[in-house]
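Contents: one structure, followed by commentary.
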Amino acid sequence: MMKTIENSPIYNMSMCSLENFHTCFINWLGNAYPVETLKLFAPDKSAENINFNKQVKHSNECIFDLCVTIGNNNEEILVVENKLKSFPTEKQLINYNNAFKGKNAIFILLSLAPEVNLPKNWKYLSYSELAKRMHKLFDNIEFLDEYHKYLVADYISVIETLSSSFPQNNSMKYDFYNEEISNDLKDVYIKYRTSELCNYINKTVNLSATVDFRDKQGILNIWCNFKDYDITFLVQIQHNEYRYCLIYGDETENELRESIAGALVKSGIWFNNCIEDYPKARNYQSKKFCGYKPNFIYRYQTLEKIFNKNKLSDISYQEIAKKVNKDISALQECKHKVVKILVDSL
């Protein structure tokens, strides 16, 4: 019975989240039709003893979406990194390279987004091209049953629609909230573009930027840690807000944290040129700061006002990178003043 259910495409897809749906489907397809599925990623490859596996853990830093072993002794390996909703970092892809150093490995980035520059040994495959290859390889084969034929045809239709609806231009502008795009793809699109901006900042000004997502909005965090003093600063960009943030203490220390933040404002080091009053502010009595439990305090200004632009889509990646670099660099130069404020407040 279990062997039967493990062969079921619906069972395979039911075991994954929406993010991993496509990986699960391709993994099922690879185990049901290994020769044809391998050729989707390596068209010139002919082999026997092909095994598809999903979510293969090599280390805490390397969990492969799809890992295909080829040959009787696993002489060759195909690694597929599936990025439907996000954007890979160069570090992540290089880590994958290093995991198979000295081995005969093929690396494929499967993505809905436009082609990007990739590290050595990586090849790009779009979902649009995947659909074309699936037509070529599966339109005329003899399926194990009609149900499989229907599923594959339906899947091809889905990824064709996704690909044709997804904008392919790299504008390098903060225009992803203005883009005319269907609600079905908006979440995917915003995640991709926020990740793209994060990568741009990391590469261009060599800062520590990370991405998060909340309420269908991308959140960009640019970090500055003063590790010796357990205090962390960050610039955070969410939708049209440019936030100066401070992380310190715990939820019992709101008064102390607000005192430190107020001293930083007076000294001109942090929280400058922001909106002055926040009627809906939580946690902080003065309503001069916003915050989240347990230890997050911030003030913000709108992106339009910071960059003197009429709309978000007029702001370039270059302008954003230059601004965050200026703010973080100025903060780092004032580290001794920050430490004095912290010590005097305790």
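Every number in this text was worked out from the coordinates using simple rules, so none of it is lab data. Given the structure is predicted, the values throughout are model-derived calculations rather than measurements. A quick note on method: Cβ atoms are made from the backbone with ideal geometry, for glycine too, and the neighbour counts reach across all protein chains shown.
Mind listing which trypsin sites (Lys or Arg not before Pro) in segment 210-319 are in a DSSP loop and have 15 or fewer other Cβ atoms within 10 Å?
Taking segment 210-319 and a limit of 15 other Cβ atoms within 10 Å, the loop trypsin sites (Lys or Arg not before Pro) found are 216, 280, 282, 287, 311.
What are the ³J(HN,Hα) couplings of segment 49-55, residue after residue, when phi is run through the Karplus curve with 6.51, -1.76, 1.60 and θ = phi - 60°? Round to Hz, x for glycine and proline.
Per residue, the Karplus-derived 3J(HN,Hα) values read 6, 9, 10, 9, 9, 10, 6 Hz.
Along its three principal axes, how long is segment 183-345 when you only count alpha carbons? Whole Å, largest extent first please.
Sorted from largest, the Cα extents of segment 183-345 read 48, 33, 27 Å.
Taking a quarter of the surface of the Cα convex hull of the chain, what do you get in nm²?
Over all viewing directions, the chain projects a mean Cα-hull area of 21.5 nm².
Counting Lys and Arg as +1 and Asp and Glu as -1, what is the net charge of the other residues whose Cβ lies under 15 Å from the Cβ of residue 294?
So the surrounding residues net to -3.
Relative contact order (percent) for segment 174-273, with alpha-carbon contacts under 8 angstrom and 6 or more residues of separation?
It rounds to 14 percent for segment 174-273.
Note down the relative contact order for the chain as a percent, whole number, built from C-alpha pairs under 8 angstrom at least six residues apart. Could you put the intermediate results ahead of the total?
Working: 513 pairs, mean separation 35.0, N = 346.
With pairs under 8 Å counted, the relative contact order is 10 percent.
Amide H neighbours of residue 58 under 5 Å, at least 5 residues apart or on other chains, H built in the peptide plane: list them.
Under 5 Å from the amide H of residue 58: 63, 64.
Among the trypsin sites (Lys or Arg not before Pro) within segment 59-162, which fall in a DSSP loop and have no more than 10 other Cβ atoms within 10 Å of their own Cβ? Please report the intermediate quantities before stating the final value.
Values: sites: 83, 85, 91, 101, 103, 120, 123, 132, 133, 136, 149; in loops: 85, 101, 103, 120.
Within segment 59-162, the qualifying trypsin sites (Lys or Arg not before Pro) (loop, at most 10 other Cβ atoms within 10 Å) are 101, 103, 120.
Per DSSP H run of at least 4 residues, take -39500 (n - 2.57); add these up for the chain, divide by its residues and hand me the 222 nm value, nearest 500 deg cm²/dmol.
-12500 deg cm²/dmol, from helical runs alone.
Spin-label point model (7 Å from Cα, Cβ direction): what's the residue 55 to residue 183 distance in nm?
About 3.0 nm, to one decimal.
Of 250, 228, 175, how do they rank once you tally other Cβ atoms within 10 Å and put the fewest first?
228, 250, 175
Pull out the extension gain between residue 332 and residue 230, defined as 0.36 nm times the separation in residues minus the alpha carbon to alpha carbon distance; nm, one decimal. Please list the in-between numbers first.
Numbers: separation 102, 0.36 × 102 = 36.72 nm, distance 1.50 nm.
Stretched out fully, the residue 332 to residue 230 stretch lengthens by 35.2 nm.
Among the GluC sites (Glu not before Pro) within segment 257-346, which fall in a DSSP loop and have no more than 13 other Cβ atoms within 10 Å of their own Cβ?
276
Go through 45/120; 305/326; 266/309 and tell me which ones have a Cα-Cα distance over 24 Å in this structure.
266/309
Any idea what the relative contact order of segment 183-345 is, in percent, if you count C-alpha pairs under 8 Å spaced at least 6 apart?
With pairs under 8 Å counted, the relative contact order is 19 percent.
Looking only at 215, 314, 154, which one moves most when the chain is put into a Gaussian network model with springs between Cα atoms under 10 Å?
Taking springs between Cα atoms under 10 Å, the residue moving most is 215.
Given the options 336, 239, 148, which has the most mean-square fluctuation in a GNM of the chain, springs set between C-alpha atoms less than 10 angstrom apart?
Among 336, 239, 148, the largest GNM mean-square fluctuation belongs to 336.
Would you please state the base-10 log of I(q)/I(0) at q = 0.09, 0.20 1/Å for segment 2-165, with intensities from the Debye formula using one equal scatterer on every alpha carbon?
-0.28, -1.55
Expressed as cubic angstrom per residue, what is the convex hull volume of the alpha carbon set of segment 239-293?
Cα convex hull per residue, to the nearest whole number: 91 Å³.
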